[in-house]
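Data block below; observations after.
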Amino acid sequence: MGADDFVNEYLLLGLAFDRLEEGFVDAYTGDPALRRKVENAPAPDPRDLSHIARRLRDELRGAGLSDERTRFLDVHLRALDCSARKFAGEEIGFVDEVEAYFDVRIAPGDEDTYRDAHRRLDALLPGPGSLTERMQAHRKSEVIPADRLADCVEAFSGALREKVRAVYPLPDTERVEYEVVGDKPWSGFNYYLGDYRSRVAINSDLEQTMAHLPRLIAHEAYPGHHTEHCRKEAGLVAAGQAEQTLFLVNTPQCLMAEGLADLALEAIVGPGWGKWAQEIYADLGLRFDGELAEELAEASEQLLPVRQDAALLLHDRRRSHDDVVEFLQRWSLSSPERARQSLRFLSSPLWRAYISTYVEGYRLLGGWLGQVPVGAERAERFRRLLDEPLVPSSLR
C-alpha cells in the first residue's frame, strides 16, 4: 500500500468514529468525498474499527512515510484502537485508557503542593472569611458585565492577533468569529472550519472574569487553537501531509494542542501579561488589577492537577459524585456550581479522560519550553509546536 492510500485509510477510520459518537471528529478539512463515503456507509461496528486500527498499525512501517509521520500515525492508531474497544464495551483501566489516548502516564498529584498553593493564595487575598469565600468574592469582583463581554472579546482578539501576526505570520484571509452559547460542559470551544477560519464559542453559563478572558482568547484563537490549525494547514497540509486535515478527540493531538493553548498567553505576551491586560481594560473603562491577577494565576498553577485527581477518584477509584464534588471544592477552592460544572465534564462519556490533556499537556510542553531562555529560543520552540506534527513522546 502506498503512502497516500495508507493515509486515506487512516482518514476513513478516524471519520468513522463520528458515526459512533457525534463530536469525536473535532475538525476535518480534507477531501469531502472521504467524509461522504463514511456518511453514506452503514454505521460501523466498533470491533471492526479496532481491527482496522490494529491492521494499519502493523502495516505502518511499510507505508513509505517519514519517521516523523510514522511516529505521529502510530500513536494515533493506538488511541483509535483503544477508543474502538471502549465503544465495544471492553473494560479498560482508566490510567491505561488515558495512556493509550494521550501518550502519557498519569499519577495522582501531591496534596502538600495544593496546601502550599493555598498558603500562597491566602497571603495574596487577606481578609475575613475562609480562603474559598475570599477566592469566590474576588472572582465575583472580576466578572465582566454581560453587556461589555463582546467589546472585551473584540479588544483582546485584536490585540493578540496583532502580536501573533508579527511573530508567527498567518494567511491574510484568516478569521475568527465569536459566538455566545449555553448548556455546554466547557468554557470555550474552537470550531476550526478550514480555509483559515474558526468559530469560537464562549459558554454563557459560566461568568467570564477579567483575569480569565485574555487567557481564553489566547487559548482558543491567538496563538492557540486557531493559530495552530492555520499554520498546520498552510504548512503540513499544503506539503501533502493529509493526516493533518483530521483532528480527533481522545488522541495525542489533543494533549499537544491543549498544552500549547494553555501556554499561549505567556508565549505571546510573556511575563507582565497582567499589566498588559490592565491597560486594555482601562481603555474600555474597566478597572482590573493585572499584577494581582498574574500573581494569583501563578499560585493557582499548582492546583491544576486537582481536576485530574478528581477524574482518578471518579473513574479509577469509583468514588461517588458527591465525594468528587467535595474534593474539587476543597482543593480547587471552587463554588458548588463550578465544581458541579467540572463534574459534568469529567462524567461525559466522550470527555471523561480529556482533563489530562490540560494537566499533562501544560506540564510536558511547559517543561520543554522552559528548557530554553525566554526570547528568540523560546519563540522558536513555540513555533515548532505550532508547525510540526509533534507528539508527547517526541518531547520526552
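A compact table of results
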{"item": "Neighbours by Cβ (under 8 Å, 6+ apart or cross-chain): first from region 68-86, among the β-branched types (Val, Ile, Thr); second in a helix (DSSP H, G or I) and open to solvent by 30 Å² or more (accessible area, probe 1.4 Å)", "result": "Thr70/Arg61; Val75/Ser393"}
{"item": "Out of Glu177, Glu133, sole residue that is assigned to a helix (DSSP H, G or I), of a type in the set (D, E, K, R) and either closer than 15 Å to Ser332 by Cα or touching a strand residue (DSSP E or B) at 6+ places or on another chain (Cβ under 9 Å) (or both)", "result": "Glu133"}
{"item": "From Asp81, Asp96, residue being at pLDDT 95 or above and open to solvent by 60 Å² or more (accessible area, probe 1.4 Å)", "result": "Asp96"}
{"item": "Selection within region 350-375 - at pLDDT 95 or above, over 27 Å from Val25 (Cα atoms) and of a type in the set (Gly, Ala, Ser)", "result": "Gly367, Gly370"}
{"item": "Selection from region 44-101 of residues that are in a loop (DSSP other than H, G, I, E, B) and either hydrophobic (A, V, I, L, M, F, W, C) or under 20 Å from Gly361 (Cβ atoms) (or both)", "result": "Ala63, Leu65, Ala88, Ile92"}
{"item": "Residues (open to solvent by 90 Å² or more (accessible area, probe 1.4 Å) and not in a loop (DSSP other than H, G, I, E, B)) located in region 20-43", "result": "Arg36, Lys37, Glu39, Asn40"}
{"item": "Members of region 302-317 that are open to solvent by 20 Å² or more (accessible area, probe 1.4 Å) and without any contact (Cβ under 8 Å) to a residue 24 or more places away in the chain", "result": "Arg317"}
{"item": "Elements of type helices (runs of 4 or more DSSP H) contained in region 230-312, each with 2 or more residues being over 18 Å from the mean Cα position of the chain (by Cα)", "result": "273-283, 290-300"}
{"item": "Cross-chain or 6+ apart pairs with Cβ under 7 Å, region 227-244 first and open to solvent by less than 30 Å² (accessible area, probe 1.4 Å) and at pLDDT below 95, then not β-branched (Val, Ile, Thr) and not in a helix (DSSP H, G or I)", "result": "none"}
{"item": "Selection within region 280-296 - open to solvent by less than 30 Å² (accessible area, probe 1.4 Å) and free of Cβ contacts under 8 Å to residues at least 24 places away in the same chain", "result": "Gly290"}
{"item": "Any hit, region 169-181, residues being under 30 Å from Arg344 (Cα atoms) and crowded, with 17+ Cβ neighbours inside 10 Å", "result": "yes"}
{"item": "When residues of region 110-148 are limited to those that are exposed (fewer than 13 other Cβ atoms within 10 Å of the Cβ) and among the basic types (Lys, Arg), the one nearest to Glu298 (Cα to Cα)", "result": "Arg119"}
{"item": "Some residue of region 196-212 being part of a strand (DSSP E or B), open to solvent by 30 Å² or more (accessible area, probe 1.4 Å) and either of a type in the set (Asp, Glu) or more than 30 Å from Leu292 (Cβ to Cβ) (or both)", "result": "yes"}
{"item": "Filter result (part of a loop (DSSP other than H, G, I, E, B) and either open to solvent by less than 20 Å² (accessible area, probe 1.4 Å) or not basic (Lys, Arg) (or both)) within region 344-387", "result": "Ser348, Pro349, Leu350, Trp351, Ala353, Tyr354, Gly370, Gln371, Val372, Pro373, Val374, Gly375"}
{"item": "Set Val7, Val104: member being open to solvent by less than 10 Å² (accessible area, probe 1.4 Å), in contact (Cβ under 8 Å) with a residue 60 or more places away in the chain and among the hydrophobic types (A, V, I, L, M, F, W, C)", "result": "Val7"}
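Condition check ((1) within 27 Å of Leu160 (Cα to Cα); (2) touching a strand residue (DSSP E or B) at 6+ places or on another chain (Cβ under 6 Å); (3) charged (D, E, K, R)) across all residues:
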{"position": "Phe288", "(1), (2), (3)": "yes, no, no"}
{"position": "Ala293", "(1), (2), (3)": "yes, no, no"}
{"position": "Ala299", "(1), (2), (3)": "yes, no, no"}
{"position": "Leu303", "(1), (2), (3)": "yes, no, no"}
{"position": "Leu314", "(1), (2), (3)": "no, no, no"}
{"position": "Ser320", "(1), (2), (3)": "no, no, no"}
{"position": "Asp323", "(1), (2), (3)": "no, no, yes"}
{"position": "Phe327", "(1), (2), (3)": "no, no, no"}
{"position": "Ser356", "(1), (2), (3)": "yes, no, no"}
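The values are calculated or read from the model by the stated rules, or taken from the named source; none is laboratory data. Please read all numbers here as calculations on a predicted model, not as lab measurements. As a convention, Cβ positions derive from the backbone with ideal geometry for all residues, glycine included, and neighbour counts pool all protein chains shown. Protein only, heavy atoms only, side chains kept; ligands, DNA and RNA dropped before computing areas. Shrake-Rupley method; radii C 1.70, N 1.55, O 1.52, S 1.80 Å.
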